Amino acid sequence: MSAAERAFRAPEGDAEEGTFSLPPLPWAADALEPVISKGAVELHHQKHHRGYVKKLNKLVEGSPLAELSLEELIRKTAADPDKREIFNNAAQVWNHTFFFHNLKSPGPRKIPGALQDLIAAEFGSMDKMCDEIVKFALERFGSGWAWLSLRGRHLEITSTPNAGTPLTTDVTPLMALDVWEHAYYLDYHERREAYARAVLTMVTDWDVVAKRGGL
């Protein structure tokens, strides 16, 4: 089990969370202001993210599934319609943690060289790539996610509905953009595009994105 997978396991005797725990935020709740407010972060993490953890623990309690890592659980239940509720909650726990960990406090945007070269080759420029990610985020009807992933040595932009996750595919996910309403409505109301552009250009940690792909 990897260190990332162990981060989701509750400590011994942690009765509040159960089998899986709520991973802490990698920064203070006000660290993303003014792009994302402290109130929005707390609502997102403490209500929605925590809610998925608690529901997942109830669903797997006492079953062999509780012995799996979160990633194993997601892959095992993804194609089983009888376990759709388990998959949805497990994938949302993973997706949210992945998303929170590719954010950082607002500041100058510096793209690591290897990632910058790949972006230039695939899209022409960073701005054009961000335009494409925003396009996928806006075209996602209802709730879901936009993703930047690595397929072989090529960058790929996709979107998934609801709890969909690239963990169930053959790509390496690099970055997630949460486009569920609870991620942005408190600060941006119906302005999904403004939210998406602000996250991509002001609070995305491109060092983390590059490291996820070994770039």
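The values are calculated or read from the model by the stated rules, or taken from the named source; none is laboratory data. Fair warning: this is a prediction, and the values are worked out from it, not measured in the lab. Ideal geometry is used to build each Cβ from the backbone, glycine not excepted, and the neighbour counts take in all protein chains shown.
Values computed for the structure shown
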quantity	calculated
Answer from GLU122, GLU193, GLU132, GLU156 - the residue that is among the charged types (D, E, K, R) and under 30 Å from LEU73 (Cα atoms)	GLU156
Evaluation of TRP145 against (1) under 30 Å from GLU33 (Cβ atoms); (2) surrounded by fewer than 19 Cβ atoms within 10 Å (Cβ to Cβ); (3) of a type outside the set (Gly, Ala, Ser) (one fails), failing number	(2)
Residue pairs meeting the criteria (Cβ under 7 Å; at least 6 apart or on separate chains; first within 10 Å of ILE86 (Cα to Cα), in the stretch 55-72; second acidic (Asp, Glu))	ASN57/GLU17; LEU59/GLU85
Filter result (in contact (Cβ under 8 Å) with a residue 12 or more places away in the chain and either on the phi > 0 side of the Ramachandran plot or of a type outside the set (A, V, I, L, M) (or both)) within the stretch 108-134	ARG109, LYS110, PRO112, GLU122, PHE123, CYS130, GLU132
Test result for SER149, touching a residue at least 12 places away in the same chain (Cβ under 8 Å), closer than 27 Å to GLY18 by Cβ, assigned by TED's automatic domain parsing to the domain that holds PRO173 and of a type outside the set (Asp, Glu)	no
The one condition in (1) within 27 Å of ILE74 (Cβ to Cβ); (2) surrounded by fewer than 20 Cβ atoms within 10 Å (Cβ to Cβ); (3) touching a helix residue (DSSP H, G or I) at 6+ places or on another chain (Cβ under 6 Å); (4) among the charged types (D, E, K, R) that ASP170 fails to fulfil	(3)
Among (1) among the β-branched types (Val, Ile, Thr); (2) in contact (Cβ under 8 Å) with a residue 24 or more places away in the chain; (3) over 23 Å from VAL199 (Cβ atoms), the one test that VAL93 misses	(3)
Residue check for ALA163: within 22 Å of PRO24 (Cα to Cα), crowded, with 20+ Cβ neighbours inside 10 Å and out of contact with any strand residue (DSSP E or B) (no Cβ under 6 Å at 6 or more places or on another chain)	yes
Residues satisfying the stated conditions in the stretch 74-124, i.e. assigned to a helix (DSSP H, G or I), β-branched (Val, Ile, Thr) and within 24 Å of ILE36 (Cα to Cα)	VAL93, THR97
Residue identified as at pLDDT 95 or above, under 22 Å from ALA176 (Cβ atoms) and buried (at least 19 other Cβ atoms within 10 Å of the Cβ) among ALA29, ALA91	ALA91
Qualifying residue in the stretch 151-158 (condition: part of a strand (DSSP E or B), loosely packed, with under 13 Cβ neighbours inside 10 Å and not aliphatic (A, V, I, L, M))	yes
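Conditions (1) out of contact with any Cys (no Cβ under 7 Å at 6 or more places or on another chain); (2) β-branched (Val, Ile, Thr); (3) modelled with pLDDT of 95 or more; (4) surrounded by 14 or more Cβ atoms within 10 Å (Cβ to Cβ), marked per residue:
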position	(1), (2), (3), (4)
ALA10	yes, no, no, yes
ASP14	yes, no, no, no
GLY18	yes, no, no, yes
ILE36	yes, yes, yes, yes
LEU43	yes, no, yes, yes
GLU61	yes, no, no, no
LYS83	yes, no, yes, yes
